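The values are calculated or read from the model by the stated rules, or taken from the named source; none is laboratory data. Here the structure is a predicted model, which means the values were calculated and not measured. Cβ placement follows ideal geometry from the backbone for every residue including glycine, while neighbour counts extend to all protein chains displayed. When the accessible area is computed, the model is the full protein with side chains, heavy atoms only, and any ligands, DNA or RNA have been set aside. Shrake-Rupley method; radii C 1.70, N 1.55, O 1.52, S 1.80 Å.
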Amino acid sequence: MQKKKNKIETKRLNFFYGDHQALFDNDLSIEANKITAVIGPSGCGKSTHLRVYNRIFELHRGQRAEGEVFIDGKDILDPGIDLLDLRRRVGMIFQKPTPFPMSVFDNVAYPIRLHFKASQKEIAERVENALRGAALWDEVKDKLRESGQALSGGQQQRLCIARAIAAEPEILLMDEPTSAIDPVGTLKIEELMDRLRERFTIVIVTHNMQQASRISDTTAFFYKGSIVEVGPTKLIFTNPRNKLTEDYVSGRFG
Amino acid sequence: MKTRSTFFRKTKDSLMRAFSGFATSMALVLMAWVIFTIVREGHSSISAELFLNASKPFGEVGGGIANALLGTVMITAGAAALALPPALAAGIWLAEFGKDSLLARAARFTVNVMMGVPSVIVGLFAYGVLVTTTGHFSGFAGSFALAILMFPVVVRTTEDQFSGIGDALRESLLALGASRARSTLTVIWRAARSGVVTGVLLAVARVSGETAPLLFTALFADTWPTSYFSGPTPSAPVLITSYTMDSPFESMHRIGWSAALAMAVILLAVNITARYFGAKRAAKRK
Ligand SMILES: Nc1ncnc2c1ncn2[C@@H]1O[C@H](COP(=O)(O)OP(=O)(O)OP(=O)(O)O)[C@@H](O)[C@H]1O
Ligand SMILES: [Mg+2]
């Protein structure tokens with residue numbers, strides 16, 4: 001039985017790209033309203049693991065997941081699950097910002113119009129709230145009608161966060177959300193995440209060890225498709241149990 | 001080890017440059033030559049009457065080309081109405097859903113074959129299924145023939161434009177909880193739109209000048225195109241051909257050249273519009 005406070009509970013998750021197995025028996029518990037950092041060398045399966053939580057991998061032919069992933073106690077790998085509702089509840093931020101070719105306002109309104117019956121006034125309110133929630137409102141309130149693609153990279157990423165928040169998710173998955181963003185923009189997003197943790201369960205993939213130790217509560221270290229060690233971030237970075245983890249967090253390989 | 005002499009490579013490089021420079025200027029010279037000739041031959045009988053009146057029967061002096069231009073617009077618009085909905089749908093399906101499936105590969109192959117079928121054969125086919133069966137020529141049969149020529153081109157451009165859009169956009173739409181169909185018809189379409197419009201305009205412009213298929217189908221008439229579905233319908237390409245080639249009268253030759261000039265100007269305008277959409281897309285990519 002799953003413990004109540006775990007938002008996500010992964011059991012013996014295996015993942016295949018055609019014949020190539022990328023994840024091996026992943027077991028991972030993710031606590032609600034915490035930030036969990038997923039770290040590990042390039043190609044170890046971090047993105048692959050994250051992309052199971054909202055079943056986004058199903059866009060691509062030949063990719064399949066085996067095992068169980070419980071979200072709020074329900075196995076989301078069950079074929080009978082409502083995929084569109086799952087994805088509303090589990091938002092995702094990608095490495096490269098992907099503003100839609102439409103105005104800032106319409107970008108954020110997109111998921112609202114998609115999922116909620118809201119009047120024009122309610123939509124406008126929700127857009128503003130989401131933009132405030134993503135710490136972007138002050139910068140864009142005078143250019144809501146301008147193209148979302150005309151913003152700076154960091155602003156585009158926060159626009160994507162606002163758009164994800166607007167769907168009112170419970171979980172936010174972030175796959176290297178700041179690796180394409182300059183240091184100032186990165187700092188803003190990190191501050192933002194610290195505030196978002198109150199409302200959402202956040203899982204973030206990062207290559208930046210400082211970032212992981214600064215913002216996360218729990219850290220999971222992946223290596224060659226397996227989860228080597230999971231624990232409180234402080235412990236992972238100061239006193240890891242596993243030699244591989246120690247070598248990785250101390251920068252001896254990566 | 002001895003290094004290879006760079007002499008030949010350098011010579012080859014200069015020859016290559018000289019040749020491509022020459023080819024480019026040849027293209028420009030040819031283009032200018034075509035335009036110059038059409039303007040020289042066609043400008044003298046350009047007048048308001050030409051664009052207001054229908055053509056007169058063979059040999060009668062006077063008359064305009066307005067009926068032929070209108071007929072061309074109707075036949076081309078009819079072709080677009082027939083070809084675009086299925087072609088856009090097929091192009092989108094190939095890029096978004098068919099991908100590498102057997103059906104998609106078969107469809108792609110068919111489209112490629114269709115693209116290579118000579119327009120005269122397409123015209124003959126339309127004649128066989130729409131003219132001999134109904135017993136009359138018609139503008140609609142012409143539209144049908146042109147639609148067959150337009151279809152594969154539009155399928156290809158549409159597929160190209162949609163598959164040119166990265167999966168990142170698709171994934172971020174799905175990640176918000178949008179369905180495949182909805183994201184395709186809203187956001188992906190928006191991203192692909194200007195490129196598709198460019199391709200469609202070029203395809204429309206291309207078939208509007210086709211003559212051979214119309215000789216089998218729409219034929220020609222010295223009347224306004226009132227019987228689009230049931231009778232011969234005039235068109236600019238056929239007027240140009242018959243006035244300049246089949247007529248002994250100098251006045252008709254002049255009108256034929258003027259029609260060619262009018263056609264060229266109109267198509268140039270369509271091309272510039274298409275480029276404008278294309279340029280907007282290129283600017284957005286930056
Ligand atoms: N589309 C794909 N097709 C086939 N194999 C893939 C595909 N995507 C990833 N893989 C393989 O799966 C493994 C895990 O890849 P994944 O992208 O999850 O790694 P990652 O930890 O996110 O790496 P990075 O830090 O570089 O983003 C790698 O061996 C990779 O080669
Ligand atoms: Mg990755």
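Here the label points at B:Leu52 and A:Ser152, each 7 Å from Cα along the C-beta direction, are separated by 6.2 nm in the simple model.
The simple spin-label model puts a point 7 Å past each Cα toward its Cβ; for B:Asp167 and A:Leu84 those points are separated by 2.3 nm.
Accessible surface area normalised per residue over chain A is 45 Å², counting heavy atoms of protein chains with a 1.4 Å rolling probe. The share of accessible area on the stretch B:1-147 that comes from carbon and sulfur is 74 percent, using a 1.4 angstrom probe. Here, the protein assembly as shown is characterised by an Rg to Rh ratio of 1.13, where Rg is the alpha-carbon radius of gyration and Rh the Kirkwood radius. The gain in end-to-end length when the B:Phe109 to B:Glu60 segment is fully stretched comes to 12.6 nm, 0.36 nm per residue minus the alpha carbon separation. Ranking A:Val52, B:Val34, A:Val184, A:Val228 from most to least accessible surface, computed with a 1.4 Å probe over the protein chains only, gives A:Val184, B:Val34, A:Val228, A:Val52.
Helical runs (DSSP H, four residues minimum) scored at -39500 (n - 2.57) apiece and divided by the length of chain B put the mean residue ellipticity at 222 nm at -23000 deg cm²/dmol. Summed over both chains, the area buried between A and B is near 2000 Å², taken from the accessible surface of protein heavy atoms with a 1.4 Å probe. With the simple spin-label model, which puts each label point 7 Å out from Cα in the Cβ direction, the A:Asp247 to B:Phe22 separation comes to 6.4 nm.
Computed from the C-beta positions of A:Glu31 and A:Asp138, the FRET efficiency with R₀ = 41 Å rounds to 0.80. Would you mind getting the accessible area per residue of the stretch B:6-45, heavy atoms of the protein chains only, 1.4 Å probe, in Å²? In whole numbers, the stretch B:6-45 has 87 Å² accessible per residue.
In chain A, the portion of solvent-accessible area held by carbon and sulfur atoms comes to 48 percent [1.4 Å probe, whole percent, DNA, RNA and ligands not counted].
The alpha-carbon atoms of chain B define a convex hull whose volume equals 217 cubic angstrom per residue. For helix A:153-166, report the angle its Cα long axis makes with the longest principal axis of the Cα atoms of chain A; keep it between 0 and 90° and round to the nearest 10°. Helix A:153-166 sits roughly 90 degrees off the main axis of chain A. So how far, in whole Å, is the C-alpha centre of the stretch A:31-63 from the one of the stretch A:145-194? So the separation of the two Cα centres works out to 18 Å.
For chain A, the direction-averaged projected area of the alpha-carbon convex hull comes to 13.9 nm².
Within the stretch B:175-191, the residues that become at least 40 Å² less accessible when every protein chain is included than when their own chain is isolated (1.4 Å probe; DNA, RNA and ligands ignored) are B:Ala175, B:Leu176, B:Gly177, B:Arg182, B:Val187, B:Arg190. In this structure the stretch B:49-285 gives 44 Å² per residue of accessible area when probed at 1.4 Å with all protein chains present. At 1.002 mPa s and 20 °C, plugging the Kirkwood radius over alpha-carbon pairs of the stretch B:6-45 into Stokes-Einstein gives what diffusion coefficient in µm²/s? Answer, rounded: 175 µm²/s.
As a calculated quantity, the FRET efficiency between A:His20 and A:His207 at R0 = 22 Å, using C-beta atoms, amounts to about 0.50.
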